[in-house]
Structure formats: structure tokens, C-alpha cells
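The values are calculated or read from the model by the stated rules, or taken from the named source; none is laboratory data. No experiment lies behind these values; they were computed from the predicted model shown. Cβ coordinates were reconstructed from backbone atoms using ideal geometry, including for glycine residues, and neighbour counts include every protein chain displayed. What goes into the accessible areas is simple: the full protein's heavy atoms, side chains included, and nothing from ligands, DNA or RNA. Shrake-Rupley method; radii C 1.70, N 1.55, O 1.52, S 1.80 Å.
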Amino acid sequence: MERQGFNNKSIDRIRSICEEAGIKLTHQRLEIFKELMNATDHPSAEDIHVRLQKRIPTVALDTVYRTLATFDELGITRKLHLANKRNLFDVNLTQHHHFVCDRCRKVEDIYWPDFDKATLPETVVGIGKVRSRHLELHGLCNTCLEQNKE
Ligand SMILES: [Zn+2]
Ligand SMILES: [Zn+2]
């Protein structure tokens, strides 16, 4: 499934989630949500802040941090803890993995149903119970590979 972008259905979704949690959907929270839904990358809080300032110059970075933390608790977004990376946010809640370019730091979504369904190795059973699977692939993206040739 591809990213849906921002639409009326996504507004309804966040509205009912906030209502259920007893959280007020303020103008700034809604704007932060819109920015996330329109993002085609995996933005950091700082990225969201910079983009938002074009529309709301008064928005504070701290507000963005706190709102994103709230969204994370409510399951609206997923916080990514990638190796060697700042915290990034993902609105794509469909099961997927990530390709990280080690040169330009771009993070792309990967779908791998076979991996999701694969039987876990015996050693995992001896360690504990797995709740979710997230694979982080590292390498060079095609743009960086092209540049390497030049
Ligand atoms: Zn790259
Ligand atoms: Zn993702």
C-alpha cells in the first residue's frame, strides 16, 4: 500500500482517535498532522518544524516535539529508531521495512511479505517472544550509485 497523503478520511481518523483519548485537536496539532501525511519521506521533528514554519511562522520546535510524542503514544505515527539516525517519524503504519542510504541518508519503504511470514530461527525462541519485525537494510541508493560512477 502506498502513502495516501492528506485527505478528509485521515482528518476523520485523527479526530476520532483524539476524541477517544480525550485530547483536543488544536489547530497546530492538525497542521502538524497534515505536514506528516503530506511527507513523502521519513521526516524528523526538525524537518516538520522547518516545513511548518512556512505556513505557521510562530510554531515552536518544542510544540512539534511534544505533538509528535503524543501522536506516537496514540498510534497515529510510528517513531523510527534507525541506527545512526535522529528520531524519524513514519505515518505509514502498514507492516514494512526500510532501506537506508549510507551516503545521502535517504530512507525508503520496503515491503517484504515473505520475510514477515518466515519462520523465526530456533535461537529466537530461546531468547523470547517476538512482537514485531523491522528490518533495516543499508547500502547506496541508485542516485548515489550514479554519482559514484562519475
Ligand atoms: Zn543515496
Ligand atoms: Zn517507512
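List pairs: first residue in segment 46-69 and without any contact (Cβ under 8 Å) to a residue 12 or more places away in the chain, second residue of a type in the set (S, T, N, Q) anywhere in the structure, Cβ distance under 8 angstrom, at least six positions apart or on different chains.
none
Might you let me know whether segment 112-134 holds any residue that is modelled with pLDDT under 95, in contact with an Asp or Glu (Cβ under 8 Å, 6 or more places away or on another chain) and within 21 Å of residue 88 (Cα to Cα)?
Checking segment 112-134: at least one residue is modelled with pLDDT under 95, in contact with an Asp or Glu (Cβ under 8 Å, 6 or more places away or on another chain) and within 21 Å of residue 88 (Cα to Cα).
Given segment 108-150, what helices (runs of 4 or more DSSP H) lie entirely inside it while holding 1 or more residues that are within 16 Å of ligand 1 (Cβ to nearest atom) and either under 19 Å from the mean Cα position of the chain (by Cα) or of a type in the set (A, V, I, L, M) (or both)? Steps first, please.
Numbers: elements: 113-117, 122-127, 142-149.
In segment 108-150, the matching helices (runs of 4 or more DSSP H) lie at 142-149.
Considering each of 105, 78, 55, 29 in turn, give the residue that is of a type in the set (D, E, K, R), within 16 Å of ligand 2 (Cβ to nearest atom), open to solvent by 10 Å² or more (accessible area, probe 1.4 Å) and closer than 24 Å to residue 15 by Cα.
Matching residue, one of 105, 78, 55, 29: 78.
Please go through (1) within 16 Å of ligand 1 (Cβ to nearest atom); (2) within 25 Å of residue 14 (Cα to Cα); (3) outside the structural domain of residue 20 (by TED's automatic domain parsing) for residue 42 and return the number of the only condition it doesn't satisfy.
Result: residue 42 fails condition (3) only.
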